[in-house]
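I have placed the structure first, in the form of structure tokens, so that the comments after it can refer back to it.
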Amino acid sequence: MAQLRMEVRDSAGTILPGYGDAFFDLRLPGDHCRVAQTLLRMIRGDDARSPVHSVHFFRDASEIGSWSVEDERVESFIDACVHTPPAAA
């Protein structure tokens, strides 16, 4: 059975030891980007100085999902825009 590999990286793209893991790939349907998002939030917690910048999932040599601090910022910006009422004319 193949393995799914997870990497956790800093802002320079360097793999941070002690965070990543490899596990059996059950090929379950799912959004690996959202799993990466959840893990990034869990690992970083409320620590704004955390060196953890992104989480990546690989199947064989192909990246199948990732999430980063930039993705968080973009998603927050989009959410703010969607929930901000238009200016009165």
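Just order 27-34, 49-56, 60-67 by mean Cβ neighbour count inside 10 Å, highest at the front, would you?
Details: 27-34: 10.8, 49-56: 17.2, 60-67: 14.1.
Highest-to-lowest ranking by the protection proxy: 49-56, 60-67, 27-34.
Divide by every residue of the chain the summed helix terms, -39500 (n - 2.57) for each DSSP H run of at least 4, and state the resulting mean residue ellipticity at 222 nm, rounded to the nearest 500 deg cm²/dmol.
Details: 2 runs with 28 residues, N = 89.
The helix contribution divided over the chain gives -10000 deg cm²/dmol.
Explain nothing, just the number: relative contact order of the chain, from Cα pairs under 8 Å at least 6 residues apart, as a whole percent.
Relative contact order, the chain: 30 percent.
Between residue 43 and residue 79, what is the label-to-label distance in nm when each label sits 7 Å out along the Cα-to-Cβ direction?
Here the modelled spin labels are 2.0 nm apart.
Tell me, what is the percent relative contact order of segment 42-89, built from C-alpha pairs under 8 Å that lie six or more residues apart? Could the numbers behind the result be given before it?
On the way: 23 pairs, mean separation 10.1, N = 48.
Worked out over segment 42-89, it gives 21 percent.
Where does the chain land on the Kirkwood hydrodynamic radius, alpha-carbon pairs, in angstrom? Mind dumping the intermediate values first?
Values: mean 1/r = 0.0692 Å⁻¹.
Hydrodynamic radius (Kirkwood, Cα only) of the chain equals 14.5 Å.
Starting at the first residue of segment 21-31, write each ³J(HN,Hα) from the Karplus equation 6.51 cos²θ - 1.76 cosθ + 1.60 with θ = phi - 60°, in whole Hz, x for Gly and Pro.
So the J values, rounded to whole Hz, are 7, 10, 8, 4, 8, 7, 6, 6, x, x, 9.
For residue 64, what residues show an amide H to amide H distance below 5 Å, using hydrogens built from the backbone and excluding near sequence neighbours?
Hits under the 5 Å cutoff: 57, 58, 59.
Read-outs: derived from the displayed coordinates by stated rules, not from any lab. Since we're looking at a predicted model, the values are computed, not measured. Quick reminder, even Gly has a Cβ in these numbers, built from the backbone with ideal geometry, and neighbours come from all protein chains shown.
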